Amino acid sequence: MDRVAIIGTGLIGGSIGLALKGGKVTGLEVIGFDDDRSSLNEAKKRGAVDRTAGNLREAVSGARLVIVAAPPLAVRQVFEDIGPHLSEGAIVTDTASTKALPARWAGEYLPAGVSYVGGHPMAGKEQQGIKNAEAGLFQGKTWAVVPSARANEAAVQSVIGLITIAGAEALFVDADEHDQYVAAISHLPLMMSAALFSLVRQSPSWDDIAPLAASGFKDMTRLASGDPRMAHDIMATNVDAVGHWIDRFIVELQRLRDLMQENRKSLFRQFSETQLQRDAFVAGDWKKRQPLAEAPSAKDAMSSMLLGGLLSSRVEKFEKDMERGSRGRRGVLDDDED
């Protein structure tokens, strides 16, 4: 590819531009366009783009690859506007947090001679804008790839090349599956973050609560500091999937509430099992898993056995501690009765 156009020079678009320029690809020219002229000028100043375009037509003219890094609801209009001006054989990708609707819009507005390869880098910050962009934003992160049916192999490989230069790892996924999965691990946490902060902030006791709020509360509500428009567009383009996970989360909270009130042993087991599983996830155990159709390796089987044994020993110790505590309390009552 000789010319790449980046539509949207905020955090994601700017970071892609910095990664491309940092990759020192021979003969590559990066053109930037953004409705926000200050963002566009800053992208040029920081070296994220080689030159800026005054309009979308100028930006995509002659571009082999067009990267649409715009909020989800803006993608439709961008596709409609650039469609007539794309070169034959051009490749269009995007970075929208949802993929089913952009895929549909691509089919409606992009010409037949253009390959659409949807994308979603699983990276970001709550601080938005080109000033927070960085070339290493995608390093080691997953980048979902959702090719359309009419995307040719060369187009897919070009997008994979972009992902490789950015330092990310490509993961092929179906558009509907993508939206359902990210609703659970990205969009639901965003809603939880906003709901938790709003709930506590609206308490009449907020002035007394705020001085006590430390890292736990701040970590849990970090996502609430993100771009409101982006949050709105994400939810508006993934209503059913996010609603599904909200409903399941409510049920799970109720289950834990019942355990808290009725079954301390099961509550401890839940906390202990969750801790072990999350620690294993953070350590990257999911990267070692075999496809479900294959039998687990001896190493995987051994890991599962050790994990189960550790959990059992924890629960057994907890039960003994509870029993000793119960006997101690009975002894005190007996002494009082004497």
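The values are calculated or read from the model by the stated rules, or taken from the named source; none is laboratory data. Since the structure is predicted, the reported quantities are computational estimates derived from the model, not experimental observations. No Cβ is skipped: glycine too gets one built from the backbone with ideal geometry, and neighbour counts run over all protein chains shown.
Residues are listed down the side, and each one gets a yes or a no for (1) of a type in the set (G, A, S); (2) within 27 Å of A70 (Cα to Cα):
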{"position": "M220", "(1), (2)": "no, yes"}
{"position": "S225", "(1), (2)": "yes, yes"}
{"position": "M230", "(1), (2)": "no, yes"}
{"position": "R248", "(1), (2)": "no, no"}
{"position": "K265", "(1), (2)": "no, no"}
{"position": "T274", "(1), (2)": "no, no"}
{"position": "R278", "(1), (2)": "no, no"}
- [ ] From the list D279, D179, D240, pick out the single residue that is closer than 30 Å to A100 by Cα, in a helix (DSSP H, G or I), free of Cβ contacts under 8 Å to residues at least 40 places away in the same chain and among the acidic types (D, E).
- [x] D240
Open item on the list: When you scan the range 151-160, do you find a residue that is assigned by TED's automatic domain parsing to the domain that holds K99 and among the acidic types (D, E), even just one?
Closed with: yes
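Would the range 242-250 turn up any residue that is farther than 28 Å from T274 by Cα, surrounded by fewer than 15 Cβ atoms within 10 Å (Cβ to Cβ), outside the structural domain of V75 (by TED's automatic domain parsing) and of a type outside the set (S, T, N, Q)?
Looking for residues that are farther than 28 Å from T274 by Cα, surrounded by fewer than 15 Cβ atoms within 10 Å (Cβ to Cβ), outside the structural domain of V75 (by TED's automatic domain parsing) and of a type outside the set (S, T, N, Q), one finds none in the range 242-250, hence no.
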TODO: Looking only at the range 80-99, count how many residues are over 20 Å from I160 (Cα atoms) and either surrounded by 24 or more Cβ atoms within 10 Å (Cβ to Cβ) or of a type in the set (G, A, S) (or both).
DONE: 3
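Residue-wise test of (1) touching a Phe, Trp or Tyr at 6+ places or on another chain (Cβ under 9 Å); (2) at pLDDT 95 or above; (3) closer than 28 Å to I91 by Cα.
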position: D176; (1), (2), (3): no, yes, yes
position: M191; (1), (2), (3): yes, yes, no
position: F197; (1), (2), (3): yes, yes, no
position: S203; (1), (2), (3): no, yes, no
position: K218; (1), (2), (3): no, yes, no
position: T221; (1), (2), (3): yes, yes, no
position: G226; (1), (2), (3): no, no, no
position: M235; (1), (2), (3): no, yes, yes
position: F249; (1), (2), (3): no, yes, no
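Among the candidates A100, A106, which residue alone is under 24 Å from L86 (Cα atoms) and within 18 Å of the chain's Cα centre (by Cα)?
Checking each option against the conditions leaves just A100.
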Task: Among the residues listed as A231, A195, A213, the single one being small (G, A, S), within 30 Å of K141 (Cα to Cα), without any contact (Cβ under 8 Å) to a residue 24 or more places away in the chain and surrounded by 13 or more Cβ atoms within 10 Å (Cβ to Cβ) - done: A195
Task: Residue list for the range 129-147, filter: touching a residue at least 60 places away in the same chain (Cβ under 8 Å) and buried (at least 20 other Cβ atoms within 10 Å of the Cβ) - done: I130, A133, A135, L137, F138
Open item on the list: Being surrounded by fewer than 18 Cβ atoms within 10 Å (Cβ to Cβ), farther than 19 Å from L20 by Cβ, modelled with pLDDT of 95 or more and among the aromatic types (F, W, Y): is that true of Y116 here?
Closed with: no
TODO: Identify the residue in the range 7-41 that is of a type in the set (S, T, Y) and in contact with an Asp or Glu (Cβ under 9 Å, 6 or more places away or on another chain) and, among all such residues, is surrounded by the most Cβ atoms within 10 Å (Cβ to Cβ).
DONE: T9
Task: Only listed residue being β-branched (V, I, T) and in a loop (DSSP other than H, G, I, E, B), chosen from T93, T98 - done: T98
Open item on the list: Is it the case, given these coordinates, that L223 is closer than 23 Å to I185 by Cα, within 19 Å of the chain's Cα centre (by Cα) and in a helix (DSSP H, G or I)?
Closed with: yes
TODO: Scan the range 16-25 for residues that are more than 10 Å from A43 (Cβ to Cβ) and small (G, A, S) and jot them down.
DONE: A19, G22, G23
